[in-house]
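Visitor: Below are the structure tokens for one structure; questions will follow.
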Amino acid sequence: MNDAHILEARQLVKRFGDFEAVKGVDVAIDRGESFGFLGPNGAGKTSTMRMISAVSQPTTGEISIFGLDPRTDGPEIRSRLGVVTQEDSLELELSVRHNLEMFGRYFDLPRRVVRERATELLEFTQLTERANDKVDNLSGGMKRRLTIARGLMNRPEILILDEPTTGLDPQARHLVWDRLYRLKREGVTLIITTHYMDEAEQLCDRLVVMDQGLIVAEGAPRTLIERFSTREVVELRFASGDHESYFDQLTPFAERVEVLPDRVLLYVENGDEALRELHAAHVAPSSTLVRRSSLEDVFLHLTGRSLTE
Amino acid sequence: MIPSLKTDESRPRWLRSWGYHAEYYAQTWRGSVASSVLFPILFLTSLGIGVGHLVGQHHGLVDGQTYLHYIAPSLLATTTMQLGEGESLWPVLACLKWVRTYHAAATTPLEPDDILFGKLAWVATRAFLTSVFYVAIIGCFGALQSWWSLTLPFIGTLVALAFSAPLVAYAARSESEASFITIYRFAFVPMFLFSATFYPLSAYPGYLRPVVQFFPLYHGVALARAAAFGEGSVSSQLAHVVILLAMTVGGVIWGRRTMRRRLTN
């Protein structure tokens, strides 16, 4: 294993009985990098995260974190990791502050240190005013921020976040993203799973696209888009609703055509130009939209399915 | 870059889990103090004085004791059994499934064993403190007649663990609470009523006595009574201890497996 990487995994496989959730995943993550696992629900992201958090053991395969082996050095590795699980798993009956302080004691930090860090992290996650409130009374976004604060109590070198903004409203998401940027700037290595392509584009320097337990592509978001998609996409909706029937008619106007249940996507270099050509050829969709290619398009191209179906 | 402060590994990891439970209790004890401390006292006064009055009128003494004195030690055993049971089914499934705080703990340096041992150590702590309090009360009622009474808090602790350890193990492999209420109704309520708790084993016809002796609680009741009154043979007390210890050890062995599977799969 290469010690230059802060985390490295080779041929990770996770089986639950007959079901193979992860089918041979390789990743190598550098210190200070923000790395993403993008894929739909059921792609094997959470199982992979649990293995690289040194919580669950792979069925087969090798992991090295900080150059250590989770099979023998689990507690040492976990003392240097922060994990934000998909469910908040907070003590609902206790106060916001107690949640942080009691969790910090799992790392055997002295009480004084735990108090200082809780104060600092409440400030960081903008929860200072709610410090003495019962967690049960917090909004979803606040609970999420508290879970992130909890994952930072031991000042981790790597922060692992499983679906950090799933279920949050847009404003709450942006606040979480903003805090994650700051951590990244401070040099914390971030590992994030998400099924939101915009989240992956915003937060990740580099990511892997996962589907059905396998990595189907790897690279920086921009690179992946350039490699697997065109510059622009034209979205067309037709009044008839039978979008499949337009496939042959539209093929000549684009490098690639994808038919979705509610719209047709034309992959082109220049969207406006493509629209003019369509108009000239008397193709008359009921609505049109030109946009830049995104990771959603990459995923669609690689798997033939949409990320959030 | 945030400097990574290497954590102090001085405190054993299971003790951190114990400390977590203790702090949680310190924050929330008001809700449960009534059931764990006041309830047995109410039981004792109601049955001991009320039923004891009737018994006194008809028979005088039970095995040489007033009725209140007779049931005082056995209520220690039932109380700690209930404490062990109450801490171990729903609360453990909550930590594993509904609130998932054990999963959060599993992302820290704690191993599944640490989470299990911390939990059981906390059950033992609560049982011990409850027992000390209870013993002090029944001492005031004059129910303690032997220096062996000093072992009662340990007996109470052992009874709690004998039930808690297997139940924690069971809860850790449960997907729902559906079976818990069945266990409660068909195992714990009958055991509470029929483990020679409120009358001597000799009240049963001969063929039923082995059945009663099969109840784990019976051994706790018999042990507590023997300690309070300083009676009974050492060998039979030893047998009770061995049975309760075997339940504890068996529960721990099983629990280590179920907890590990649940948390690390």
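The values are calculated or read from the model by the stated rules, or taken from the named source; none is laboratory data. Because the structure is predicted, anything quoted here is derived from the model rather than measured. As a convention, Cβ positions derive from the backbone with ideal geometry for all residues, glycine included, and neighbour counts pool all protein chains shown.
Visitor: Of everything in the range B:220-240, what is touching a residue at least 24 places away in the same chain (Cβ under 8 Å), buried (at least 17 other Cβ atoms within 10 Å of the Cβ) and out of contact with any strand residue (DSSP E or B) (no Cβ under 8 Å at 6 or more places or on another chain)? Give them in sequence order.
Guide: If the condition is that a residue be touching a residue at least 24 places away in the same chain (Cβ under 8 Å), buried (at least 17 other Cβ atoms within 10 Å of the Cβ) and out of contact with any strand residue (DSSP E or B) (no Cβ under 8 Å at 6 or more places or on another chain), then B:220, B:221, B:222, B:223, B:224, B:225, B:226, B:227, B:228 are the ones that fit.
Visitor: Further question: Might you let me know whether the range B:155-162 holds any residue that is in contact (Cβ under 8 Å) with a residue 60 or more places away in the chain and not in a helix (DSSP H, G or I)?
Guide: Checked the range B:155-162: no residue is in contact (Cβ under 8 Å) with a residue 60 or more places away in the chain and not in a helix (DSSP H, G or I).
Visitor: Sticking with this structure for a sec: Across the range A:85-96, what is the total count of residues that are more than 7 Å from chain B (Cβ to nearest Cβ), modelled with pLDDT of 95 or more and surrounded by fewer than 22 Cβ atoms within 10 Å (Cβ to Cβ)? Spell out the reasoning first.
Guide: The initial filter retains those residues of the range A:85-96 that are more than 7 Å from chain B (Cβ to nearest Cβ), namely A:86, A:88, A:90, A:95-96.
Those still in the list that are modelled with pLDDT of 95 or more too: A:90, A:95-96.
Pick out the ones that are also surrounded by fewer than 22 Cβ atoms within 10 Å (Cβ to Cβ) and you get A:95.
Looking only at that region, the number is 1.
Visitor: Just to be sure before I move on: is residue A:199 touching a strand residue (DSSP E or B) at 6+ places or on another chain (Cβ under 8 Å), acidic (Asp, Glu) and surrounded by 17 or more Cβ atoms within 10 Å (Cβ to Cβ) in the structure I sent?
Guide: It is true that residue A:199 is touching a strand residue (DSSP E or B) at 6+ places or on another chain (Cβ under 8 Å), acidic (Asp, Glu) and surrounded by 17 or more Cβ atoms within 10 Å (Cβ to Cβ).
Visitor: Output the residues belonging to the range B:241-265 that are among the charged types (D, E, K, R) and either within 14 Å of another protein chain (Cβ to nearest Cβ) or surrounded by 20 or more Cβ atoms within 10 Å (Cβ to Cβ) (or both).
Guide: B:260, B:261, B:262
Visitor: Any idea which of A:291, A:256, A:231 is touching a residue at least 60 places away in the same chain (Cβ under 8 Å) and of a type outside the set (S, T, N, Q)?
Guide: Every option except A:231 fails the conditions.
Visitor: Does residue A:173 satisfy the condition of being more than 14 Å from chain B (Cβ to nearest Cβ) and either hydroxyl-bearing (Ser, Thr, Tyr) or crowded, with 18+ Cβ neighbours inside 10 Å (or both)? Quick ask: steps written out before the conclusion?
Guide: Numbers: more than 14 Å from chain B (Cβ to nearest Cβ): yes; either hydroxyl-bearing (Ser, Thr, Tyr) or crowded, with 18+ Cβ neighbours inside 10 Å (or both): yes.
Criteria met by residue A:173.
Visitor: Also, quick follow-up: When you scan the range A:255-276, how many residues do you find that are under 17 Å from residue A:228 (Cα atoms) and of a type in the set (D, E, K, R)?
Guide: Going through the range A:255-276 one residue at a time, the tally reaches 4.
Visitor: A further question follows. So, in the range A:100-126, of the ones that are in contact with a helix residue (DSSP H, G or I) (Cβ under 6 Å, 6 or more places away or on another chain) and either small (Gly, Ala, Ser) or farther than 21 Å from residue A:76 by Cα (or both), which residue ends up nearest to the other protein chains (Cβ to nearest Cβ)?
Guide: So, considering only residues that are in contact with a helix residue (DSSP H, G or I) (Cβ under 6 Å, 6 or more places away or on another chain) and either small (Gly, Ala, Ser) or farther than 21 Å from residue A:76 by Cα (or both), the one nearest to the other protein chains (Cβ to nearest Cβ) is A:104.
Visitor: Continuing with the same structure: Considering every residue within the range A:151-161, establish whether at least one is away from chain B (no Cβ under 14 Å), farther than 16 Å from residue A:90 by Cβ and buried (at least 22 other Cβ atoms within 10 Å of the Cβ).
Guide: Within the range A:151-161, not a single residue is away from chain B (no Cβ under 14 Å), farther than 16 Å from residue A:90 by Cβ and buried (at least 22 other Cβ atoms within 10 Å of the Cβ).
Visitor: Additional query: Among the residues of the range A:233-256, count how many are closer than 26 Å to residue A:202 by Cβ and surrounded by fewer than 19 Cβ atoms within 10 Å (Cβ to Cβ).
Guide: The number of residues fulfilling the criteria is 2.
Table: residues versus (1) under 15 Å from the mean Cα position of the chain (by Cα); (2) among the hydroxyl-bearing types (Ser, Thr, Tyr).
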{"site": "B:168", "(1), (2)": "yes, no"}
{"site": "B:184", "(1), (2)": "yes, yes"}
{"site": "B:188", "(1), (2)": "yes, no"}
{"site": "B:221", "(1), (2)": "yes, no"}
{"site": "B:228", "(1), (2)": "no, no"}
{"site": "B:245", "(1), (2)": "yes, no"}
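Visitor: Does at least one position in the range B:116-130 carry a residue that is within 14 Å of chain A (Cβ to nearest Cβ), of a type in the set (A, V, I, L, M) and in contact with a Lys or Arg (Cβ under 8 Å, 6 or more places away or on another chain)?
Guide: No, the range B:116-130 has no match at all.
Visitor: Which count do you get for residues in the range A:52-75 that are within 20 Å of residue A:36 (Cα to Cα) and in contact with a Ser or Thr (Cβ under 7 Å, 6 or more places away or on another chain)?
Guide: 3
Visitor: State whether the residues of the range B:249-263 include one that is polar (S, T, N, Q) and closer than 24 Å to residue B:143 by Cβ.
Guide: We begin by selecting, within the range B:249-263, every residue polar (S, T, N, Q); these are B:258.
Okay, now just the ones that are also closer than 24 Å to residue B:143 by Cβ, so none.
Taking every residue of the range B:249-263 in turn, none turns out to be polar (S, T, N, Q) and closer than 24 Å to residue B:143 by Cβ.
Visitor: Residue A:187: closer than 20 Å to residue A:38 by Cβ and not assigned by TED's automatic domain parsing to the domain that holds residue A:273, yes or no?
Guide: So residue A:187 does not fit the description; no.
Visitor: Give, as residue ranges, the helices (runs of 4 or more DSSP H) completely inside the range B:47-120 that count at least 1 residues that are free of Cβ contacts under 8 Å to residues at least 40 places away in the same chain and over 25 Å from residue B:183 (Cα atoms).
Guide: Correct list: B:52-58, B:67-86, B:101-105.
Visitor: For the range B:136-165, give me each residue that is more than 17 Å from residue B:84 (Cβ to Cβ) and of a type in the set (Val, Ile, Thr).
Guide: B:137, B:138, B:151
Visitor: Would you point out the residue of the range A:182-196, among those that are part of a helix (DSSP H, G or I) and buried (at least 16 other Cβ atoms within 10 Å of the Cβ), that is nearest to the other protein chains (Cβ to nearest Cβ)? Don't jump to the end; show me each part of the working.
Guide: First, pick out the residues of the range A:182-196 that are part of a helix (DSSP H, G or I): A:182-185.
From what is left, the residues that are buried (at least 16 other Cβ atoms within 10 Å of the Cβ) are A:183-184.
Working: A:183: 8, A:184: 11 Å.
Across the range A:182-196, the extreme among qualifying residues is A:183.
Visitor: Counting only residues that are under 28 Å from residue A:187 (Cβ atoms) and of a type outside the set (A, V, I, L, M, F, W, C), how many does the range A:204-233 have? Please lay out each step first, then the result.
Guide: Start the filter on the range A:204-233 by keeping residues that are under 28 Å from residue A:187 (Cβ atoms), which leaves A:204-210, A:215, A:217-225.
Imposing the further condition that a residue be of a type outside the set (A, V, I, L, M, F, W, C) reduces the set to A:205-206, A:218-219, A:221-223.
Looking only at that region, the number is 7.
Visitor: Need the failing condition index for residue B:7 against (1) at the interface with another protein chain (Cβ under 10 Å from one of its Cβ atoms); (2) modelled with pLDDT of 80 or more, just the number.
Guide: Condition not satisfied by residue B:7: (2).
Visitor: Would you pick out the residues in the range A:140-181 that are of a type in the set (Val, Ile, Thr) and not in a loop (DSSP other than H, G, I, E, B)?
Guide: Once the filter is applied, which keeps residues that are of a type in the set (Val, Ile, Thr) and not in a loop (DSSP other than H, G, I, E, B), the range A:140-181 yields A:147, A:148, A:158, A:160, A:176.
Visitor: Take the residues in the range A:121-133 that are without any contact (Cβ under 8 Å) to a residue 12 or more places away in the chain and over 26 Å from the mean Cα position of the chain (by Cα); name whichever of them is nearest to residue A:100 (Cα to Cα).
Guide: Looking at the filtered set, the residue picked out is A:128.
Visitor: Right, next: Taking the range A:146-170 only, how many residues are at pLDDT below 95 and closer than 19 Å to residue A:118 by Cα?
Guide: 0
Visitor: Related question: Got at least one residue in the range A:65-83 being modelled with pLDDT under 95, within 7 Å of chain B (Cβ to nearest Cβ) and closer than 30 Å to residue A:18 by Cβ?
Guide: No, the range A:65-83 contains no residue that is modelled with pLDDT under 95, within 7 Å of chain B (Cβ to nearest Cβ) and closer than 30 Å to residue A:18 by Cβ.
Residue-by-condition table, conditions (1) away from chain A (no Cβ under 14 Å); (2) touching a Cys at 6+ places or on another chain (Cβ under 8 Å); (3) surrounded by fewer than 20 Cβ atoms within 10 Å (Cβ to Cβ):
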| residue | (1), (2), (3) |
| --- | --- |
| B:63 | yes, no, yes |
| B:72 | yes, no, no |
| B:75 | yes, no, no |
| B:94 | no, no, yes |
